[in-house]
Amino acid sequence: MKYISFAIPSYNSQEYMAKAIESILPGKEEVEIIIVNDGSKDRTSEIAHEYMEKYPDIVKVVDKENGGHGDAVNAGLSHATGKYFKVVDSDDWVDEEALHKILALLRNLEEDGEEIDMLISNYVYEKVGATHKKVIHYRNVLPQDEIFHWGDIGHFHLDQYILMHSVIYRTDMLKLIQLHLPKHTFYVDNIYVYYPLPHVRKIYYLDVDFYRYFIGRDDQSVNEKVMIKRLDQQIFVTKAMIDMYQLKDIGCKKLRSYMLNYLAIMMTVSSILCIRSKDKENLAKKKELWQYLRRKDFRSFVKIRYGILGQTMNIPGRSGRKISSLAYSVARRLIGFN
């Protein structure tokens with residue numbers, strides 16, 4: 001049985017994609033590796049097909065026109081036959097020991113006639129030049145060794161939010177809710193994580209350091225200079241998340257609070273990039289984004305705007321923008337992102 005379909009969106013990934021693929025192969029026939037060649041202009045497709053020829057029962061290749069990361073995820077999901085679905089970016093990898101533990105868990109759940117909608121595990125920042133590898137875990141937030149529900153969760157710290165790196169979803173659930181990510185848009189991993197949340201009923205947390213998140217290439221989408229250049233896409237994704245739900249309609253109070261805080265983080269990131277760009281046009285975009293939230297979901301706007309993050313991002317004047325930028329720099333050093 002294929003327990004997990006691993007989609008590997010790949011664009012001009014010839015230099016590093018082998019590491020991602022090789023890290024999943026120890027799962028043998030219990031995994032499916034879907035390499036999505038997103039219109040690459042290098043040897044990505046050739047390398048992918050070499051793996052498919054060598055491991056025909058494990059690896060499949062999808063060659064498609066370039067549509068961006070989200071469209072590659074869509075293609076991977078449409079070809080997935082495993083019970084669960086996981087995205088691994090082509091410059092990242094997974095830990096072999098943790099992979100075996102996750103497969104053993106899914107095997108045991110299957111034998112017990114149980115299924116879950118979401119499996120959460122830890123991820124590690126594999127940051128270039130960093131001697132200490134920061135691990136994001138959820139021990140203080142989520143129950144362990146049991147199936148649980150949103151009402152059982154604790155309070156997430158700012159650096160603990162569930163990202164694409166930490167989540168495995170049930171494949172049929174993603175297909176049932178018709179998850180579809182926008183084409184030619186960066187930062188859609190936030191949509192991938194956020195949109196399914198109200199549809200998740202059964203959750204399991206396995207405390208293993210599974211996903212290895214490589215960070216430090218100059219051209220990476222999370223590099224700050226690159227993010228400022230792609231600011232319009234960050235704002236687009238934030239607005240898309242605002243449009244998804246009226247948060248007051250989310251029945252579970254703890255899930256509603258979690259989603260509100262996630263949206264607050266998205267508003268903060270978009271706002272601080274506008275500020276740090278030092279561009280008058282981008283400052284106008286920041287103001288318009290907050291007005292957009294106000295129009296679309298007034299109750300959430302009030303909670304976010306007058307919460308700690310919202311107030312920090314909206315201190316008036318040049319000195320206020322300096323304080324906002326300083327707060328972001330401190331958070332970035334503490335958390336270790338980009």
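The values are calculated or read from the model by the stated rules, or taken from the named source; none is laboratory data. The model shown is predicted, which means the values in this text are computed figures rather than measured ones. Positions of Cβ are backbone-derived with ideal geometry, glycine not excepted, and every protein chain shown enters the neighbour counts. The protein model used for the area step is the full one, side chains on, heavy atoms only, and it has no ligands, DNA or RNA in it. Shrake-Rupley method; radii C 1.70, N 1.55, O 1.52, S 1.80 Å.
A few comments on the model shown:
- When E32 is tested against the conditions (1) charged (D, E, K, R); (2) assigned to a loop (DSSP other than H, G, I, E, B); (3) open to solvent by less than 60 Å² (accessible area, probe 1.4 Å), the lone failure is (2).
- Close pairs (8 angstrom Cβ cut-off, 6 or more residues apart or separate chains): closer than 16 Å to V73 by Cβ in segment 165-176, open to solvent by 10 Å² or more (accessible area, probe 1.4 Å) and of a type in the set (D, E, K, R) anywhere: Y169/D117; R170/K83; R170/E115; R170/D117; T171/K83; M173/D117
- Residue among R201, R212, R217 that is at pLDDT below 95, of a type in the set (K, R) and either open to solvent by 20 Å² or more (accessible area, probe 1.4 Å) or in contact with a strand residue (DSSP E or B) (Cβ under 6 Å, 6 or more places away or on another chain) (or both): R217
- Matching residues in segment 123-149 - criterion: being under 25 Å from L106 (Cα atoms) and open to solvent by 20 Å² or more (accessible area, probe 1.4 Å): V135, H137, R139, N140, P143, Q144, D145, E146, I147, H149
- Segment 45-81, residues that are buried (at least 23 other Cβ atoms within 10 Å of the Cβ), touching a residue at least 40 places away in the same chain (Cβ under 8 Å) and in contact with a helix residue (DSSP H, G or I) (Cβ under 7 Å, 6 or more places away or on another chain): V73, A80
- Residue count for segment 178-195, restricted to those that are part of a loop (DSSP other than H, G, I, E, B) and either under 24 Å from K229 (Cα atoms) or open to solvent by less than 20 Å² (accessible area, probe 1.4 Å) (or both): 9
- Close pairs (8 angstrom Cβ cut-off, 6 or more residues apart or separate chains): farther than 15 Å from Q234 by Cα in segment 277-299, charged (D, E, K, R) and surrounded by 12 or more Cβ atoms within 10 Å (Cβ to Cβ) anywhere: R294/R305
- Within segment 1-28, residues that are on the phi > 0 side of the Ramachandran plot have Cβ atoms under 8 Å from residues that are open to solvent by less than 10 Å² (accessible area, probe 1.4 Å) and of a type in the set (S, T, Y) in these pairs: N12/T44, counting only partners at least 6 apart in sequence or on another chain.
So that you can scan it fast, the table gives a plain yes or no per residue for (1) open to solvent by 40 Å² or more (accessible area, probe 1.4 Å); (2) acidic (D, E); (3) at pLDDT 60 or above; (4) in contact with a Lys or Arg (Cβ under 9 Å, 6 or more places away or on another chain):
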| site | (1), (2), (3), (4) |
| --- | --- |
| Q233 | yes, no, yes, no |
| K254 | yes, no, yes, no |
| M313 | no, no, no, yes |
| R332 | yes, no, no, no |
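- Qualifying position, being among the small types (G, A, S) and in contact (Cβ under 8 Å) with a residue 12 or more places away in the chain, among A98, A104: A98
- Any hit, segment 62-76, residues being under 24 Å from E96 (Cβ atoms) and either assigned to a helix (DSSP H, G or I) or hydroxyl-bearing (S, T, Y) (or both): yes
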